[in-house]
Structures are given as C-alpha cells and as structure tokens.
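S.K.: Mind having a look at this structure? Questions to follow.
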Amino acid sequence: MRSTMYCLALLYFGSALAAPPAVSNPEKLDAIPARMQKFVDAGDLAGAVCVVGRKDGIVHESAVGFRDLATKDHTKNDTLFRIASMTKPITAIGIMILADEGKLNPEDNVAKYLPEFTNQMLVAERGKDTLSLKKPSRPIQLRDLLTHTSGLAAYPTGVSDVYVKRNRTLSETALSVALQPLEFEPGTKWSYSNSGIDTLGRIIEVVSGDTYESFLKKRIFDPLAMNDTVFYPTREQIARLAVTYGKDKDGKLTPAPNLLGDLPPHPKHPIPAGGLVSCGEDLAKLYRMMLNKGELNGKRILSEKAVAEMTRVQTGEINTGFVDGMSYGYGWAVVREPKGVTGMLSAGTFGHGGAFGTQGWIDPNNDVFVVLLIQRTGLANGDASPMRQALQELALAAVKKP
C-alpha cells in the first residue's frame, strides 16, 4: 500500500519528506484493491489501476489483476491504458490555453479560424429519397464544439472510418466535417460529437502554428512531467500497454478488436477526440493541476478564470451526458445533480470517461479526484459501471468527515 510505503520512507528520510494529504477514513482506501479484485475474480476485468488524490498529492494508488491474461503479466502502477475519450478534456485545455493568451474566444465562430465552415447549412427535412436544407439561425461557435451542442454530423460507424480519419490530416478531416449539413440548430441540443472535438484539434493547429500533438506536449504534458501520456507509444511503452478485453458468447474475457490500436502503418494525425495513452500517475498530475486552479508545482497551465469556465455548467437545462443529473462545461462533463453513480459526489464535480471503461472525476468541494483505469469493451455503460461506483464510494467515504 502507498500509505505503508510512505511511512517506512518517512522513518528513513525523516522530515525531508512532506506529509501526505490527510484523509478521514484511510481504511476505506485500504479496501480499494480487494474491492477491485472481486471484479477480476468474477471475470469482469483482467486488471485495474486505481488512483485517489487531493490537490496536494496522491493518497492511494493500487494495481490488481493482469495487464495481459495470456502471459500472466501483472498490472502495475505504471501500466499504460488507452484512455480514449478522456482525451477530450485535454484537447479542451489546449483551446483554453489559447484563450488565456487572447488568441481565441469560446464565443468566436468556428469559421473565423476554419473558413470551410462558412455558410454551413442545416438539415430541414429528410425524406425517403430527398434531403432539404436551410440556413441555421446562427453559425456554430467554439463553445458549441466544447459542449457537444454544435449539431455537427457524426462520423460514419465502422472500422473503415478509423482508417480513413487517421489517413487524413486534421485539415482534411475538418474539411470533411464542414461539408456535412448540421443535424440541429447550434446550442439547442446535446449530441456527443467526436467530429466536433477533432475540429477543435485543427483549430489548435491553425491558431498556434504548431501541430496539435506537439502543442499539447509542449504546453501540457512536458510542464506537468506527464511522460507516459502520448498518442504514439514507443516500443517500451507498448510493452506496458494493457490488453483490451471484451466478453465472448460464453461470457469469458477475450482480447477485443481495438479501433484505437489498429492504426494504419503511418497515421497522418492523432485523434483529438480519443487517441491518448496514459497512466494513473500522469492523470493524477493533470487532475491535481485542475484542483489547484490551473497550476502544479509552480507551472501554470491555465488561468483560474479558464478553469472556472471549463468546469461550470455551460449547457443550461439541456439534457446531456450518459447518466442522470449531468451537464457540460468546456470539454468536461459536470455533475449538476448528484444521483445514481454520481450520488456520492458533490454538485460541480467534473470529469470524463473513455470507451474502454476508464474514468476520471474531480470533486473540488471534497478536494478529491479518482482515476479508474481498465480496458473493457462491451460494458453496458462505462459511465455507470459498477467498477466506477465502487471506487467512488470508497474514495469519497475516505475523505469525507465522519
């Protein structure tokens, strides 16, 4: 356990080490590995990494199960995971860094930076063999992309789409998105939009003059020492990458097709909507930065104002998200009314999940974040998974005052 290791180190090094952040009920944190092991023993997961922390540091990290069932290679704290859509808030952080510098504004029209979005049309009516278009009441804005309220058409489904996207540049991808008519009036509905977040990735390139992935590395990953957060893992990192599993017809875990891993030999761009690989300790640095209102270890990534704008409700009363009681900020899902799987969290908690069951949530009111890293396809709803609920219940019970 991290807490035990810390105490041994403190005895050896004395006062040179700072005290870990306090928790009210540390025995709840000690119960996390056994609780996660139950999901492994039940055949629901191959393995898991869990991290709980506060703005001043990590209070718990543990690994259970196997990175690879075939080789019996155990999951470790430095095991890497495809975090899929947990990439989206990081793309949004890139946008808000540029907003802090006065180079763009979330209220700006997308067409200001990507002229191909000028005079975009809206679907008025679909017939059996006809499609009627009309002009939308207003153009889409950056804030619409950040909140999934743009009305942009979804990408076609299927493996071929991943290959097509990765074999285009972000510029070509943005053009293909702009050529499709909007599905609804901007700002009026919520529809989860990979195409919208990928468009934000292209805007980062246009405004910064750098490639999307290079900008994130220079402005987020390097300053925070997130050395294992990458779009293109090295050979050494691939050796630490957890295998993704689904269940076969008999309910047995089996290696699953992994769209984010089955890349063309030389992809032309990463996926701003979901292409990152990361680990628990790297994500802890990112979430501590957010809890510290944009700064960590003397490195300021975002202004306090940008953090506040990203993490407040930006979608009003529009129904959003994949579980009840949710709203959206800029790139982050925000708990508006705690209930169900979010019932133990505070209103204003923000975070995001990923396609393979990964979860990361930050509760500023209780000064706590939780990270769940697993690699499972076929979960009924990753945002409402029993794994997420179990981790959050123990983590919040640990930090809340009796």
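S.K.: Pick from segment 111-155 the residues that are part of a helix (DSSP H, G or I) and touching an Asp or Glu at 6+ places or on another chain (Cβ under 7 Å): which of them is surrounded by the fewest Cβ atoms within 10 Å (Cβ to Cβ)? Write out each step before concluding.
M.R.: First, pick out the residues of segment 111-155 that are part of a helix (DSSP H, G or I): 111-112, 115-117, 142-147.
Those still in the list that are touching an Asp or Glu at 6+ places or on another chain (Cβ under 7 Å) too: 142-143.
Working: 142: 26, 143: 21.
My answer is 143.
S.K.: Of everything in segment 99-110 that's touching a residue at least 60 places away in the same chain (Cβ under 8 Å) and surrounded by fewer than 19 Cβ atoms within 10 Å (Cβ to Cβ), which residue is nearest to residue 221 (Cα to Cα)? I'd like the intermediate steps shown before the answer.
M.R.: Start the filter on segment 99-110 by keeping residues that are touching a residue at least 60 places away in the same chain (Cβ under 8 Å), which leaves 99-100, 103-104, 106, 110.
After this cut, where a residue has to be surrounded by fewer than 19 Cβ atoms within 10 Å (Cβ to Cβ) as well, the list is 100, 103.
Working: 100: 18, 103: 21 Å.
Residue satisfying both the conditions and the ranking: 100.
S.K.: Tally time: how many residues in segment 360-375 are open to solvent by less than 20 Å² (accessible area, probe 1.4 Å) and either of a type in the set (S, T, N, Q) or touching a Phe, Trp or Tyr at 6+ places or on another chain (Cβ under 8 Å) (or both)?
M.R.: First pass over segment 360-375, keeping only residues open to solvent by less than 20 Å² (accessible area, probe 1.4 Å): 360-363, 368-375.
Those still in the list that are either of a type in the set (S, T, N, Q) or touching a Phe, Trp or Tyr at 6+ places or on another chain (Cβ under 8 Å) (or both) too: 360-363, 369-371, 373-375.
The number of residues fulfilling the criteria is 10.
S.K.: Out of all the residues in segment 187-216, which are in contact with a Lys or Arg (Cβ under 8 Å, 6 or more places away or on another chain) and open to solvent by less than 10 Å² (accessible area, probe 1.4 Å)?
M.R.: Of segment 187-216, the ones in contact with a Lys or Arg (Cβ under 8 Å, 6 or more places away or on another chain) are 187, 197-198, 207-208, 210, 212.
Those that are in contact with a Lys or Arg (Cβ under 8 Å, 6 or more places away or on another chain) and open to solvent by less than 10 Å² (accessible area, probe 1.4 Å): 197, 198, 212.
S.K.: Return the only residue of 145, 98 being closer than 18 Å to residue 315 by Cβ and at pLDDT 95 or above.
M.R.: Details: 98 fails: closer than 18 Å to residue 315 by Cβ.
Matching residue, one of 145, 98: 145.
S.K.: Looking at (1) open to solvent by less than 30 Å² (accessible area, probe 1.4 Å); (2) under 26 Å from residue 65 (Cβ atoms); (3) in a helix (DSSP H, G or I), which is the one condition that is false for residue 393?
M.R.: Of (1) open to solvent by less than 30 Å² (accessible area, probe 1.4 Å); (2) under 26 Å from residue 65 (Cβ atoms); (3) in a helix (DSSP H, G or I), only one is false for residue 393: (1).
S.K.: Go through (1) over 17 Å from the mean Cα position of the chain (by Cα); (2) part of a loop (DSSP other than H, G, I, E, B); (3) at pLDDT 95 or above for residue 218 and report which single condition fails.
M.R.: Only one criterion is unmet by residue 218, namely (2).
S.K.: Now, a different point. Can you pull out every residue in segment 253-299 that is open to solvent by 60 Å² or more (accessible area, probe 1.4 Å) and modelled with pLDDT under 95?
M.R.: Listed by number, the residues that qualify are 255, 257, 259, 262, 265, 266, 268.
S.K.: To continue, here is another question. Out of all the residues in segment 293-314, which are assigned to a loop (DSSP other than H, G, I, E, B) and under 22 Å from residue 106 (Cα atoms)? Don't jump to the end; show me each part of the working.
M.R.: Filtering segment 293-314 down to residues assigned to a loop (DSSP other than H, G, I, E, B) leaves 293-294, 297-298, 301-303, 312-314.
Within segment 293-314, 293, 294, 301, 302, 303, 312, 313, 314 meet the criteria.
The values are calculated or read from the model by the stated rules, or taken from the named source; none is laboratory data. It should be emphasised that the depicted structure is a prediction, and the values quoted were computed from it without experimental measurement. We place every Cβ from the backbone using ideal geometry, glycine too, and count neighbours over all the protein chains shown. Remember, those area values only see protein heavy atoms, side chains included, never the ligands or the DNA or RNA. Shrake-Rupley method; radii C 1.70, N 1.55, O 1.52, S 1.80 Å.
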